[in-house]
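S.K.: Below you will find the structure I want to go over with you.
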Amino acid sequence: MGRVMAGIGIVVNLFLPGIGTLLMGKWFSGVIQLGVLAVAWILRVASFGILGPFLWPISGVIWVWALAGGILTYMERSNRRPLDRPRY
């Protein structure tokens, strides 16, 4: 069941970064992602778009972080090691 939830989390993270991370059970990362994304959106709206060019990259970094975290969680739950080095 863990792998299925991780797959659902990846899809949800494509549209709502942080929510999918919460679905996967990574509470700390999910709350941080949602918090930073919410602050960026609030500042963007409150500044009438003036801060938009500075806040879009922050939103992009959060989106990539959420997606990469979801993929790594999926790989962990699939019993694969994502960055496993060969042992000699």
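S.K.: Give me the residue from the range 1-42 that is modelled with pLDDT under 85 and aliphatic (A, V, I, L, M) and, out of that set, farthest from the chain's Cα centre (by Cα).
M.R.: Going through the qualifying residues, I end up with MET1.
S.K.: Quick check, is ALA46 modelled with pLDDT of 85 or more and crowded, with 17+ Cβ neighbours inside 10 Å?
M.R.: no
S.K.: Look at the range 19-73 and say how many of its residues are of a type outside the set (Gly, Ala, Ser), part of a loop (DSSP other than H, G, I, E, B) and either touching a strand residue (DSSP E or B) at 6+ places or on another chain (Cβ under 7 Å) or farther than 18 Å from MET5 by Cβ (or both).
M.R.: Residues flagged as of a type outside the set (Gly, Ala, Ser), part of a loop (DSSP other than H, G, I, E, B) and either touching a strand residue (DSSP E or B) at 6+ places or on another chain (Cβ under 7 Å) or farther than 18 Å from MET5 by Cβ (or both) within the range 19-73 amount to 3.
S.K.: Quick check on my filter: what residues within the range 1-52 are more than 14 Å from GLY69 (Cβ to Cβ), out of contact with any Ser or Thr (no Cβ under 6 Å at 6 or more places or on another chain) and of a type in the set (D, E, K, R)?
M.R.: ARG44
The values are calculated or read from the model by the stated rules, or taken from the named source; none is laboratory data. Here the structure is a predicted model, which is why all the values come from computation and not from measurement. Note that each Cβ is placed from the backbone with ideal geometry, even for glycine, and that neighbours are counted across all protein chains shown.
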